[in-house]
Structure formats: structure tokens, C-alpha cells
């Protein structure tokens, strides 16, 4: 009877290996199922089981390598301990301790400071230069921002159409005032715009 279980285990391992290779090659679960003579659902389960085994094996392998490195460092420390009064040996022992602390995860994560161009701050938001827009474009932009926010009176203030405004418009608001107001109205619009728009 044990012979039968052993045979099934070998077949199962072979299936998992083949399923994983097919999945890595870009095959769908339906195609994998067809290749293994099982359903797509079964193929999905086989690939999942193979992935679990692979992760488990990799974790064990990493832990074994860590333990082997710690053992090697311990042997070095033991060999050098009797000569610790020598400054070069003391420095080597310190580096061994630092390496061991890293392997064991005893050190706090290192903080890496990054900066933008010329050491300045990192730019996180795209800057909008509304001064490049004409007055009618600014008004239209403001109306569209209101509409995107669900304001039912989004078209108020367009004053019968954009083409009626001459380029030298001198209404109650200056172009700069409209631009400043728009920066407040549209502060989160960039996240809603498609890339490149």
C-alpha cells in the first residue's frame, strides 16, 4: 500500500512542476488543464499548491543560508577573540558583530534621505502654469471643474458663451485673480485627468 502513495506523490510533484512551468510560460489555466488532462479549476489548484511549495522551500533555503552565515561568523569571532587587543583585529570583530546584527535583524532600518534636482526638495505634484491660458480658457476650465464636482450651476458665469469675450477683457476679476481662484477650485483635478492630459 505505501507503494501506491509514493507513486501518487511522484505524479503530483511532476504535475506541479509541469503546471508551474506552463504558467510561467504564459499558459492560461484552461490550457494547463488541457495539457495535464484536468479541469481548469484543478489546474488552478495545482499551480497554487506548486507556488506554496516553492515559497516554503525558498523560505527554508534562505533561513538555512542565514544560519550557515551566522555559524561562519561565529567561527571567525572565536578564532580572533584571543587577539582582540590588536586594533586591526578589534576592527574586524566589530565588523563581524555588525554583520551578525544585520543578519539577525537587530538594527533599525536605515533611513535614506533623497532630494530633488540640485539638492532641492523632491517635486511631488505637477505645477500648473495657468498664466498660459487665455481668459475664456480659464472660465471654461473653472466651469468644467465645477461640473466634475457635481455642481448643478457649473455653467453660471460663462455669460452667454465664451466667444463673446474679447482677449482684452477687463471685467471685475483680473486673469491673475481667476487663476488663483482656479488653483483652489481644481486642487485635486490632476488626479482625475488621464496621463499626458
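The values are calculated or read from the model by the stated rules, or taken from the named source; none is laboratory data. Because the structure is predicted, anything quoted here is derived from the model rather than measured. FYI the Cβ positions are ideal-geometry reconstructions off the backbone, even for glycines, and counts take in every protein chain you see.
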When the stretch 60-77 is examined, which residues are found to be surrounded by 12 or more Cβ atoms within 10 Å (Cβ to Cβ) and under 35 Å from the mean Cα position of the chain (by Cα)? 66, 69, 70, 73
What about residue 114, is it modelled with pLDDT of 75 or more and surrounded by fewer than 13 Cβ atoms within 10 Å (Cβ to Cβ)? yes
